[in-house]
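Every number here is computed from the coordinates shown, using simple stated rules; none is lab data. No experiment lies behind these values; they were computed from the predicted model shown. Backbone-built Cβ (ideal geometry, glycine too); neighbour counts: all protein chains shown.
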Amino acid sequence: MLMIELLTDYTFRTVLLGTAMIGAVSGALGCFAYLRRQSLIGDVVSHSSLFGVMLFFLASYWLTGQGSKSLVVLIPGAICAGTAALLLTRTVVQRTRLKQDSSLGVMLAIFFGAGIVLLRWVQRVDPPIPGRRGLEDYLFGMAAAMTQDDLWMIGILGFLAILVMLLLWKELKVYTFDPLFSHSLGYRTAKLDTLLVMILVVGIVIGIQSVGVVLMIALLITPASAARQWTRRLGTMVILASLTGAVCGLVGSVISATYSHVPTGPVIVLASTLIFVVSLMLAPGRGIVSRMLHRSKLMSTIRQPNAGGDLP
Amino acid sequence: MLDNDPALSLKGLTVAYDTEPVLWNVDLEVPAGVLMGVVGPNGAGKSTLLKAVLGILPSLAGAIRVFGQPYSAQRTLIGYVPQRSSVDWDFPTTVLDLVLMGTYGRLGWFRRPGNAERKAARQALERVQMAEFANRQIGELSGGQQQRVFLARAFVQDAPLLLMDEPFAGVDATTEQTLVDLMRELRQKGKTLVIVHHDLTTVCEYFDQVALLNRKVIGAGHVSNVFTTELLEKTYGGSLNQCKVACRQFSTLTSESISRNQDGHADD
């Protein structure tokens, strides 16, 4: 399809709007995951959600005789499985001597493994389950599969998560920076933590269809990592990451729709990686180029004949 | 809040990490308006004590009362200065923003800091000689500057009871003096300060009262009554002996050199 045709196509406008929203929401929320060093938690939620997607797909088949691939059905499943994986991790950390990262790794393997087993079974079972075609796209994402209902689901959930972030901005900020101090301010830190994890879960599951469970973590963390290079303020970082995410979402869906059979997830990941690498190189102050320039300037000052006097 | 009530009173406080008790049956009373140092060897539970008072760590047994009331009703009366190393100094925020966090408690939910809060934060920064750093990124600060900014935040928080976890760890002499001045100023304003401290040589100079802690309270009260060789030995066990030997050697050395100098002068 030509670009012009794509842009005038009603279905495709739905997809564009959807992926831009997913990128904007997960980019913004990803900043908190990045700053709290919780990227692994995000990855566990995203991989584990496949199990919930499969369970809710099967449940819809048993209830109606037709497996549903609507996000209105599958996102609640993804939220359940992602949350269950995190709650189990917490129990394991509290009850055993396993550390957080190894428990997370174990949960990811269990839930994603179970999800894959169910997926393979559904694909091969005879007689075939109606509606099963396209389920494998949840691994690497297929933005073109988005319907009007899916768009609404993504929009409402994304709006709620961003609203919570904005309303509790200063609480989430101080909690992310200094949890012990935020406790002394009188905040119920356990509740803040749950809330923050909940909006992160939302920021992840809205992307499972378009970006896929395997690579969704990239859309959460890479825009935040790129944005961090350009700014020294949390507010600016969230806005930049949100814009980056939106642009990557758009690029991903356009390319994946233009060349058929290209999954959306990897394209989005490549786009965000490009922005990330450019930021690492060129950002003023923190960037590699800027630091090299700074260093060579310092070296030339040192090599001057009257060096050893005052600090430059 | 009655003036007669102690700022902090702990009765039978027991705290454990996992299965290992760190604090055992701790009784401690901190009268209002004093500057109290908490000293003891590594692993004695000094930081744990502060965290238990704040409710960050759950206590297995015992009662914590803050100005005569149970802790849960008095949460906002306690200010806290965590160890400098407990936060990520690469967090994207400015010095002024960090100090403003001290006002978040009284602002309440949803409200953002305004001009009054900004003014208070700037004044606190001036007080710790950090005014010109207000718009700097916190990652650019030295260790001593970080500690001063933390103190400015506690100053803005303006709590009647302030708990500080090793504020003197790894700071330069100028910062140490600023911290001491500020602590004394806060006490003059009627605040109560409980400070975890490591350097035994400065205890007598800095604090009115001292608590010797090693899993339990070995002694607590006025520095002159508690900071004795006997109780210190009980707190530090064998390790203090070595320290005492070193001190004795040091003092003989210095007195020898002083007398030698005096001899020299006499010869002149």
Task: Most mobile of B:ALA61, B:ALA73, B:ALA121 in a GNM of chain B (Cα contacts under 10 Å) - done: B:ALA73
Task: Among A:PHE57, A:LEU98, A:SER210 the positive-end extreme of the charge dipole of chain A (Cβ point charges) - done: A:LEU98
Task: Hydrodynamic radius (Kirkwood) for the stretch B:69-200, which is based on Cα pairs only, to one decimal in Å - done: 15.1
Open item on the list: With the crude spin-label approximation of a point 7 Å out along Cα→Cβ, what separation in nm comes out for A:GLN66 versus A:ILE156?
Closed with: 2.1
Open item on the list: Please report, in whole Å³, the volume per residue of the convex hull around the C-alpha atoms of the protein assembly as shown.
Closed with: 219
- [ ] Take each uninterrupted DSSP H stretch in chain A, measure its Cα extent along the helix axis, and return the ones at 30 Å or beyond whose mean Kyte-Doolittle hydropathy is at least 1.6.
- [x] A:234-258
Task: Efficiency of FRET between A:THR236 and A:VAL277 - r from beta-carbon atoms, R0 25 angstrom, step 0.05 - done: 0.75
- [ ] Write down the percent of antiparallel bridges among all DSSP beta bridges whose residues are both part of the protein assembly as shown, to the nearest 5.
- [x] 55
Open item on the list: Place a point 7 Å from the Cα of B:ARG111 along the Cα-to-Cβ direction; which residues of the stretch A:177-195 have their backbone N under 17 Å from it?
Closed with: A:185-187
Task: Debye, to nearest 20: dipole size of the stretch B:1-148, +1 on Lys, Arg Cβ, -1 on Asp, Glu Cβ - done: 460
Task: Value at 222 nm in deg cm²/dmol, rounded to 500, when DSSP H runs of n ≥ 4 in the protein assembly as shown each add -39,500 (n - 2.57) - done: -19500 deg cm²/dmol
TODO: Over the whole of A:29-39, what's the average partner chain Cβ count within 10 Å per residue? Rounded to a whole number, please.
DONE: 1
- [ ] Using Cα centres only, tell me the gap between the stretch A:244-283 and the stretch B:100-161 in whole Å.
- [x] 40
- [ ] Would you tell me the mean number of C-beta atoms belonging to other protein chains that fall within 10 Å of each C-beta in B:103-110, as a whole number?
- [x] 4
- [ ] Apply 1/(1 + (r/R0)^6) to the Cβ-Cβ distance of B:LYS189 and A:LYS191, taking R0 = 41 Å, and write down the FRET efficiency to the nearest 0.05.
- [x] 0.80
Task: B:ALA73 paired with A:SER300, simple spin-label distance in nm, labels 7 Å along Cα-to-beta-carbon - done: 7.0
Task: Percent antiparallel among DSSP beta bridges (both partners in chain B, rounded to 5) - done: 55
TODO: Please work out how much length the chain gains when fully extended from A:LYS99 to A:ARG13, using 0.36 nm per residue of separation minus the C-alpha to C-alpha distance, in nm with one decimal.
DONE: 26.4 nm
Task: Order by protection proxy (mean Cβ within 10 Å, highest first), peptides A:119-129, A:168-178 - done: A:168-178, A:119-129
TODO: Towards the positive end of the charge dipole of the protein assembly as shown, with charges on Cβ (+1 Lys, Arg; -1 Asp, Glu), say which of B:GLN146, A:ALA227, B:VAL194 has the farthest Cα.
DONE: A:ALA227
Open item on the list: In 10 Å bins starting at zero, report the fraction of Cα pairs in chain A per bin as a rounded %.
Closed with: 6, 25, 30, 21, 10, 5, 2, 1, 0
Open item on the list: Can you tell me the mean projection area, over all orientations, of the convex hull of the stretch A:14-138's alpha carbons? Units nm², please.
Closed with: 8.8
Open item on the list: Counting only Cα atoms, I'd like the Rg/Rh figure for chain B, Kirkwood definition for Rh.
Closed with: 1.03
- [ ] Can you tell me the dipole magnitude for the stretch A:1-141 around its Cα centre, using point charges on the Cβ only (Lys, Arg +1; Asp, Glu -1), in Debye to the nearest 20?
- [x] 580
Open item on the list: Quick check: pseudo-label points 7 Å beyond the Cα along Cα→Cβ at B:ASP172 and B:ASN25, how many nm apart are they?
Closed with: 4.8
- [ ] Kindly state, as a whole number, the per residue volume in cubic angstrom of the convex hull around the alpha carbon atoms of the stretch A:169-271.
- [x] 96
- [ ] Quick one: pull the percentage of alpha-carbon pairs in the stretch B:1-158 with a separation above 20 Å.
- [x] 58
TODO: Could you pull the Rg and Dmax for the stretch B:106-153, using just the Cα atoms, both in Å?
DONE: 11.8, 33
TODO: Compute the label zone of B:SER86 within the stretch B:9-47: residues whose backbone N is under 11 Å from the point 7 Å along Cα-to-Cβ.
DONE: B:47
Task: Spatial separation of Cα centroids for the stretch B:42-94 and the stretch A:48-82, in angstrom - done: 44
